[in-house]
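Engineer: Please see the structure below; I have some questions.
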Amino acid sequence: MRAMMLKKQASAEENPLQLADIPVPAPGEGEVRVRVRACGICRTDLHITEGDLKLHKSPVVPGHQIVGVIDATGGGVKQIREGDRVGVAWVYSTCGECAYCRKGLENLCERGRFTGWDADGGYAEAMIVPETFAYPLPANFSDLEVAPLLCAGIVGYRSFRLSGARPGDRVGLYGFGASAHIILQVARHGGCEVYVFTRGEGHRKLARRMGAAWVGGAEETPPEKLDAAVIFAPVGSLVLDALRVLRKGGTVSLADITMTPIPPIDYDRLLYHERIIRSVANATREDAREFLQLAAQIPVRTEIETFPLDRANDALRALKKSQIRGAGVLKVS
């Protein structure tokens, strides 16, 4: 089968992913094989490819926003059948035994494994996943439309939820790519007024078209203070920008897996009055199920740009340069 493999981390400009012909994997006990139809392109893929995150497996097939159809099952599989359409997300497996798992915080599992990092992911024509980490997908989304929901949507949803935003609140979204254009719809559905902070004019036009109440740059001051903010761009200095326009008691939620350093914070001016900065790590299966159900109800509409599998390097470069409006998706089969 065809797969885009990462053998050595390098800049996206150096085409680090190599097209390879590798054996079709066979599912083991409790596992299923997914024939991949589409795979969303995530900034975490870029972090893994370029070395911002250390390799956990080498070589590795990236990709963790996977849509496909089950074509083989291992022993002990009970709930999924061949022919079912499923999605696979960032969290590949958890131990179910550590203190975090027992508290319902499997996103922090001590022995958690991640798709496209610890196990081969969706930049390939097939992949293996534990049955319990494959999600039935709403029928009202096409393969290409639903792919960005599986990380940009799920992790974005957790980030929005942990920001504490409530109906009637003003919510700031910093960076307007795959996650933010989904969460803008979730926030508006929940009765929030959304302020978008982004540099690119194409992204600003999309934000306005999707109903943002205000659009500007991170250095600008919006007409009203924010009740909550979610930072999607991996730029630490944005934390200070968000705190500057956050009301007392508000929360800044950090959605990315890695960021550039956060500059020194003027405690008295920016953080005092019970303002909160909180990171978001991964997501739980409950987050995934809850969000996919909500996305179908709204319904969320994803703005996508597609690339063939063998152009995954081009897709990562476009993502790096913020040239994708909405979300990028590999059309695998």
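Engineer: Could you tell me which of the residues 247, 208 is surrounded by fewer than 17 Cβ atoms within 10 Å (Cβ to Cβ), over 21 Å from the mean Cα position of the chain (by Cα) and assigned to a helix (DSSP H, G or I)? Spell out how you get there, then give the answer.
Structural biologist: Values: 247 fails: assigned to a helix (DSSP H, G or I).
Of the residues listed, the single one that is surrounded by fewer than 17 Cβ atoms within 10 Å (Cβ to Cβ), over 21 Å from the mean Cα position of the chain (by Cα) and assigned to a helix (DSSP H, G or I) is 208.
Engineer: Do we have any residue at all in region 216-223 that's under 27 Å from residue 247 (Cα atoms) and buried (at least 21 other Cβ atoms within 10 Å of the Cβ)? Spell out the reasoning first.
Structural biologist: Here is the first cut: in region 216-223, the residues under 27 Å from residue 247 (Cα atoms) are 216-223.
Applying the additional criterion that residues be buried (at least 21 other Cβ atoms within 10 Å of the Cβ) yields none.
No: zero hits.
Engineer: Related question: Given the options 63, 40, 75, name the one that is among the small types (Gly, Ala, Ser) and at positive phi.
Structural biologist: 63
Engineer: Could you tell me whether residue 58 is out of contact with any Ser or Thr (no Cβ under 7 Å at 6 or more places or on another chain), more than 26 Å from residue 261 (Cα to Cα), surrounded by fewer than 20 Cβ atoms within 10 Å (Cβ to Cβ) and modelled with pLDDT of 95 or more? Even if it seems obvious, please write down each step before you answer.
Structural biologist: Working: out of contact with any Ser or Thr (no Cβ under 7 Å at 6 or more places or on another chain): yes; more than 26 Å from residue 261 (Cα to Cα): yes; surrounded by fewer than 20 Cβ atoms within 10 Å (Cβ to Cβ): yes; modelled with pLDDT of 95 or more: yes.
So residue 58 passes the test.
Engineer: Do we find that residue 162 is surrounded by 20 or more Cβ atoms within 10 Å (Cβ to Cβ), hydrophobic (A, V, I, L, M, F, W, C), within 20 Å of residue 256 (Cβ to Cβ) and outside the structural domain of residue 75 (by TED's automatic domain parsing) in this structure?
Structural biologist: On the way: surrounded by 20 or more Cβ atoms within 10 Å (Cβ to Cβ): no; hydrophobic (A, V, I, L, M, F, W, C): yes; within 20 Å of residue 256 (Cβ to Cβ): yes; outside the structural domain of residue 75 (by TED's automatic domain parsing): yes.
Spelling it out, it is not the case that residue 162 is surrounded by 20 or more Cβ atoms within 10 Å (Cβ to Cβ), hydrophobic (A, V, I, L, M, F, W, C), within 20 Å of residue 256 (Cβ to Cβ) and outside the structural domain of residue 75 (by TED's automatic domain parsing).
Engineer: Which count do you get for residues in region 285-326 that are assigned to a helix (DSSP H, G or I) and not aliphatic (A, V, I, L, M)?
Structural biologist: Our first condition is that a residue be assigned to a helix (DSSP H, G or I); within region 285-326, this holds for 285-297, 309-320.
Going one step further and asking which of them are not aliphatic (A, V, I, L, M), we end up with 285-287, 289-291, 293, 297, 310-311, 313-314, 317, 320.
Matching residues across region 285-326 total 14.
Engineer: Restricting to region 186-203, and then to whatever is buried (at least 20 other Cβ atoms within 10 Å of the Cβ) and in contact (Cβ under 8 Å) with a residue 60 or more places away in the chain, can you tell me which residue is farthest from residue 42 (Cα to Cα)?
Structural biologist: Ranking the candidates gives 186 first.
Engineer: Before we move on, is residue 218 over 26 Å from residue 92 (Cβ atoms) and either among the hydrophobic types (A, V, I, L, M, F, W, C) or more than 12 Å from the chain's Cα centre (by Cα) (or both)? Spell out the reasoning first.
Structural biologist: Numbers: over 26 Å from residue 92 (Cβ atoms): yes; either among the hydrophobic types (A, V, I, L, M, F, W, C) or more than 12 Å from the chain's Cα centre (by Cα) (or both): yes.
So residue 218 fits the description; yes.
The values are calculated or read from the model by the stated rules, or taken from the named source; none is laboratory data. Predicted, not measured: the structure shown is a model, and the values here were computed from it. Here Cβ is always computed from backbone atoms with ideal geometry, including for glycine, and neighbour counts include all displayed protein chains.
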